[in-house]
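Colleague: The structure that follows is given in the form of structure tokens.
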């Protein structure tokens with residue numbers, strides 16, 4: 001007798017890892033100048049992170065691109081080249097620490113040309129957490145298969161096939177924080193925002209789900 005069941009699992013994890021994606025954008029009239037100014041901006045920011053206690057080796061480049069910059073001319077109805085744009089994305093991961101996160105936000109806000117950034121909250125034991133979910137889903141499937149076999153006056157022998165969709169993404173909290181370029185000279189800048197985040201900010205727990213399809217033999 002074959003028994004086909006779907007096992008399900010849900011588990012909650014507390015974030016213990018902060019991930020920050022930075023994006024640097026610098027415009028200039030020439031390719032060489034855009035590259036020079038862009039690299040200068042990135043290098044200075046990495047030096048800032050080092051002063052805040054972060055290791056340079058932990059700052060990773062995701063992508064770097066220099067492209068033509070153009071504007072639309074209403075008179076000619078065409079795009080006109082006005083220069084070049086330097087874009088580089090960096091990411092930084094560190095153990096969950098709101099004090100450090102707030103310090104990065106505060107120091108970034110005083111820069112003349114700060115990068116934009118986006119903050120996510122995840123867990124360090126990503127692989128272990130996924131293994132736990134898979135095990136829980138399998139146990140749920142086994143429980144159901146055993147119940148069905150007993151109801152059919154059969155004895156559950158073994159699972160002969162499993163199927164599940166692998167995790168495509170990392171486990172990330174639904175809480176995130178993003179900020180466009182802002183400096184103390186901006187009217188919208190509010191120093192108290194940083195203090196508020198440092199004192200009361202708590203990211204939402206990560207809720208992960210898993211489904212597994214199994215085929216069991218009962219006799």
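Nothing in this text is a laboratory measurement; each read-out follows from the coordinates by a stated rule. Everything numeric here is computed off the predicted structure, so don't read it as measured data. Neighbour counts run over all protein chains shown; Cβ positions are idealised from the backbone, glycine included.
Colleague: How many nm separate the modelled label positions at residue 163 and residue 215, each set 7 Å beyond the Cα in the direction of the Cβ?
Modeller: Inter-label distance under the simple model: 0.8 nm.
Colleague: Can you pull the one-decimal nm distance between simple spin-label points at residue 113 and residue 152, each 7 Å off the Cα toward Cβ?
Modeller: In this crude spin-label approximation the distance works out to 7.0 nm.
Colleague: Related question: As an exercise, use a Förster radius of 35 Å and the Cβ-Cβ distance of residue 70 and residue 205 to find the FRET efficiency, rounded to the nearest 0.05. The partial results should precede the final answer.
Modeller: Working: r = 45 Å, r/R0 = 1.29.
FRET efficiency, residue 70 to residue 205: 0.20.
Colleague: May I pose another question? Could you compute how fast region 63-146 diffuses translationally, taking Rh as the Kirkwood radius over C-alpha pairs and applying Stokes-Einstein at 25 °C with viscosity 0.890 mPa s? Give it in µm² per second. Show your work: numbers first, answer last.
Modeller: Values: Rh = 18.4 Å.
Translational diffusion coefficient: 133 µm²/s.
Colleague: If R0 is 30 Å, what FRET efficiency do you get for residue 14 and residue 62 from their C-beta distance, rounded to 0.05? Let's see the in-between values first.
Modeller: Values: r = 26 Å, r/R0 = 0.88.
That pair, residue 14 with residue 62, gives E of 0.70.
Colleague: Assuming R0 = 22 Å, what is the FRET efficiency of residue 126 and residue 6, from their Cβ-Cβ distance, to the nearest 0.05? Walk me through the intermediate numbers first.
Modeller: Values: r = 24 Å, r/R0 = 1.10.
Efficiency, rounded to the nearest 0.05: 0.35.
Colleague: On to the next question. Rounded to the nearest 500, what is the chain's calculated 222 nm mean residue ellipticity when only DSSP H runs of at least 4 contribute -39500 (n - 2.57) each, over all residues? Let's see the in-between values first.
Modeller: Numbers: 4 runs with 69 residues, N = 219.
So the helix-based figure for the chain works out to -10500 deg cm²/dmol.
Colleague: What translational diffusion coefficient, to the nearest whole µm²/s, does region 1-76 have by Stokes-Einstein, given a Kirkwood radius computed over alpha-carbon pairs, a temperature of 37 °C and 0.692 mPa s viscosity? Can you show the working numbers first?
Modeller: Numbers: Rh = 17.5 Å.
It diffuses with D of about 188 µm²/s by this estimate.
Colleague: Note the listed values (1) 19.3; (2) 17.8; (3) 21.4, then indicate which one is Kirkwood radius over Cα pairs in Å calculated from this particular structure.
Modeller: (3)
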